[in-house]
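The values are calculated or read from the model by the stated rules, or taken from the named source; none is laboratory data. Not measured: the values here are computed from a predicted model. Cβ placement follows ideal geometry from the backbone for every residue including glycine, while neighbour counts extend to all protein chains displayed. Quick note on the areas: whole protein, heavy atoms, side chains included, nothing else; ligands and nucleic acids left out. Shrake-Rupley method; radii C 1.70, N 1.55, O 1.52, S 1.80 Å.
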Amino acid sequence: MTWLDLADDTPFGLDNLPYGVFSAGGAPERRIGVPVGDHVLDLTAAAAVTAAAFAPLLTAGVLNPLLAAGPATWRDVRASVREWLTEPRYADQLRPHLVPLAEVATHLAFEVADYVDFYSSEHHALNAGKIFRPDATELPPNWKHLPIGYHGRAGTVVASGTPVVRPHGQRKPRNADAPSFGPSQRLDIEAEVGFVVGVPSTAGTPVPTADFADHVFGVCLVNDWSARDIQAWEYQPLGPFLGKSFATSVSPWIVPLAALEHARVDGPPQDPEPFEYLRTGEKWGLDLALEVRLNGHLVSSPPFATQYWTAPQQLAHLTVNGASLRTGDLFASGTVTGPERDQQGSFLELSWGGQEPLELPGGVTRTFLEDGDEVVISATAPGPAGTRIGFGDVRGTVVPG
Ligand code: MN
């Protein structure tokens, strides 16, 4: 029940209520917002006019103060928003603070502290191995013992819609004698799911898998733009560097874990059994259905539920050495790729290393991205009673370097 005029199939119903940052009407001021139906509730204003105790957490123009406040406050804010949008007595007070979604500009929702990217899809790891190292037919020997990851560049995590400038760098094709320098000729995407840390942890104290929801606030979509030619030449022996650090795009709305209760599933069976610190008592696989579009055409539908390592395992692993968490830390899943050809989360895989161009409508083909190409990643998750929980799109257009 709500006093709002909500379509039954809206991806932004009362069971979703994600959080983001927006501006409207050409005003520069950034405000915390909650998309609901085809509007955004100005949460900064709504909390002020209802004199909510948590109103001071919503005035910074970023989510960080709310992220840091912790699970009890997160539950309180969510319950309040649901009450406001349900109880008719709030309608007159809050209607002026509903802005049409089409009229808002969205921004980076949180100030990113540290950024870590994992590599937790078994299908992606097998595909990437075969493409990058044609002699390798198996996973790396550590892969099923730990969630492989690397520390990325937090300062170049950008809001959805930010143009992506084609990076320059060194590359050496396999059959070339010497490296060359120039614009990447193998610019790619990685369709991923990101987890946003709210509550920090203490240096020297690992975060056990069971404490995942005490620290992690919510979930967004991530496009880990990747220059495959730069990556292939630079990555051994220390891993990804300039092939990935030029831009990482994130979706505008952070879906709280509480909205994903109906999306929780068991992850795939893990064999060998992981070390004690990586074991989980609760199911934290997430049944998110991703979609990747290139210039409006659906090119892939990666199923997040197939990921081998879950987010609590990733969080436990990234802190097991005593590394501490900060409010605003972002860790991403790694490319989401399912077992089928049309479930691959990168053009590296979709074009099989560039050898099998993708055919698009109108006789267009693609291996890697061309200038002017727009990539949009979206996702939905099951909600209660057959509803769908929507994630905002993460989009980006490639511009010449
Ligand atoms: Mn990645």
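Annotations
- The stretch 115-399 - convex hull of alpha carbons, volume per residue in Å³: 131
- Of the whole protein surface, residue 87 contributes about 70 Å² of accessible area at a 1.4 Å probe radius.
- Cα centroid separation, the stretch 31-55 to the stretch 172-234 (Å): 32
- Residues considered: 43, 101, 318. Largest GNM mean-square fluctuation over the chain, using C-alpha springs under 10 Å, is found at 101.
- The chain - mean residue ellipticity at 222 nm from DSSP helices (-39,500 (n - 2.57) per run, n ≥ 4, rounded to 500): -4500 deg cm²/dmol
- For the chain, the carbon plus sulfur part of the accessible surface works out to 52%, probe radius 1.4 Å.
- Judged by the mean number of other Cβ atoms found within 10 Å, the most tightly packed of the peptides 195-204, 2-11 leads the ranking 195-204, 2-11.
- Looking at the stretch 108-149, the GluC sites (Glu not before Pro) that sit in a DSSP loop and have at most 11 other Cβ atoms within 10 Å of their own Cβ are 138.
- Sparse-neighbourhood loop sites, chymotrypsin sites (Phe, Trp or Tyr not before Pro) in the stretch 201-294 - DSSP loop, at most 13 other Cβ within 10 angstrom: 275
- Computed over protein heavy atoms with a 1.4 Å probe, the accessible surface of the chain works out to 42 Å² per residue.
- Between the stretch 275-347 and the stretch 95-152, the C-alpha centres lie 6 angstrom from each other.
- Under 12 Å from the Cα of residue 144 - aspartates and glutamates, other chains or at least 8 residues apart: 122, 271, 273
- Measuring with a 1.4 angstrom probe and ignoring ligands and nucleic acids, residue 279 comes out at about 100 Å² accessible.
- Each Lys and Arg contributes +1 and each Asp and Glu -1, all at the Cβ; summed about the Cα centre of the chain, the dipole is approximately 680 debye.
- Straight-distance crosslink candidates among lysines, where the alpha carbon sits under 25 Å from residue 172 and sequence neighbours closer than 8 are dropped: 130, 244
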